[in-house]
Amino acid sequence: MADTSASLKNKYDSIIFDLDGTLWDSTANVAVAWQTAKQKVDFIRDDITQADVRSITGMAYDAIFVKLLPYLDDEKRNEFKAHCSVTELEVLNELGGELYPNLEETLQYLKERYRLFIVSNCQNGYAETFFNHSKLRDYFEGFQCYGTKGQPKAENIVDVVNDFQLKAPVYVGDTQGDYEATVKAGVPFIFCNYGFGKVESGQVATISSFGELMDIL
């Protein structure tokens, strides 16, 4: 059951969602894609596993490869990242990710009451793979990704708030990085504890399944 100290109903006019760990889990197929990219070069030491991908989910795309491959120089790291970005979109366009339970039912409920958006640290084209696979594009009024402008998540949240003139948004995400971005953006935060991260305090609510949003919002 959702953990919230007070009812959040009628407090917000809009909801901004993270993508990975909040709406779907694509880590298994991203690992397949990056492992495929590994075969295109001869300087990656270890296989890339789903656990590796889960460990960096939510980070900005550039920062991911710095963390995973600290032993590479910038030139090789950027070469591998370029291969990964291509294979990732190819694989996800074909295979997609695992949608969390009750996703469309919950979005349908929320769409009748709120304006819905996505702000993610993903690369350009990634959100489109989510839309293509899930067939849920029509539920979202807009989206912003790290790959769009190369700016931090907090700034992308602010852009969406300003561009769409949102008066009382709330952000739904699954990592400490998500929470810290909302603090900088001045937007309250709902924590999805079924995702990839941990948030100990500061959130206005914690949910254990996506469908619990229908209970609290």
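The values are calculated or read from the model by the stated rules, or taken from the named source; none is laboratory data. All values derive from a computational prediction rather than experimental measurement. Positions of Cβ are backbone-derived with ideal geometry, glycine not excepted, and every protein chain shown enters the neighbour counts. Side chains included, ligands, DNA and RNA excluded: accessible areas come from the protein's heavy atoms. Shrake-Rupley method; radii C 1.70, N 1.55, O 1.52, S 1.80 Å.
Among Q144, Q39, Q50, which one shows the highest mean-square fluctuation when the chain is modelled as a Gaussian network with alpha-carbon springs under 10 Å? It is Q39.
Per-residue extension of 0.36 nm, minus the Cα-Cα distance of N93 and D163, leaves a gain of 22.3 nm for this segment. With a 1.4 Å probe rolled over the protein heavy atoms of all chains, the accessible area of R113, R137 falls in the order R113, R137, largest first. Applying 0.36 nm per residue to the separation of S208 and D47 and subtracting their alpha-carbon distance, the gain on full extension is 54.8 nm.
At a threshold of 8 angstrom on Cα-Cα distance, excluding pairs fewer than six apart, so keeping six or more, what relative contact order does segment 102-153 reach in percent?
Computed over segment 102-153, the figure is 45 percent.
Straight-line cross-link reach from K76 at under 16 Å between alpha-carbon atoms covers these aspartates and glutamates, not counting any fewer than eight positions away in the same chain: D42, D46, D62. Take every Cα pair under 8 Å whose residues are at least 6 apart in sequence, average their separation, divide by the length of the chain, and the relative contact order is 32 percent. Of all the accessible heavy-atom surface of the chain, with the other protein chains kept in place and a 1.4 Å probe, what percent is carbon and sulfur? The nonpolar share, carbon plus sulfur, comes to 46 percent. Accessible surface computed residue by residue for segment 79-215, with neighbouring protein chains in place and a 1.4 Å probe, gives 44 Å² per residue.
If the chain linking K40 and N132 were pulled fully straight, counting 0.36 nm for each residue of separation and taking away their Cα-Cα distance, it would gain 30.4 nm.
What do you get for GluC sites (Glu not before Pro) in segment 107-216 restricted to DSSP loop and a cutoff of at most 11 other Cβ within 10 Å of the site's Cβ?
Working: sites: E112, E128, E141, E155, E180, E200, E212; in loops: E112, E141, E200.
In loop regions of segment 107-216 (DSSP not H, G, I, E or B), the sparsely surrounded GluC sites (Glu not before Pro) are E112, E200.
Set against the 2.2 N^0.38 Å expectation for a compact globular protein, segment 118-187 has a Cα radius of gyration ratio of 1.08.
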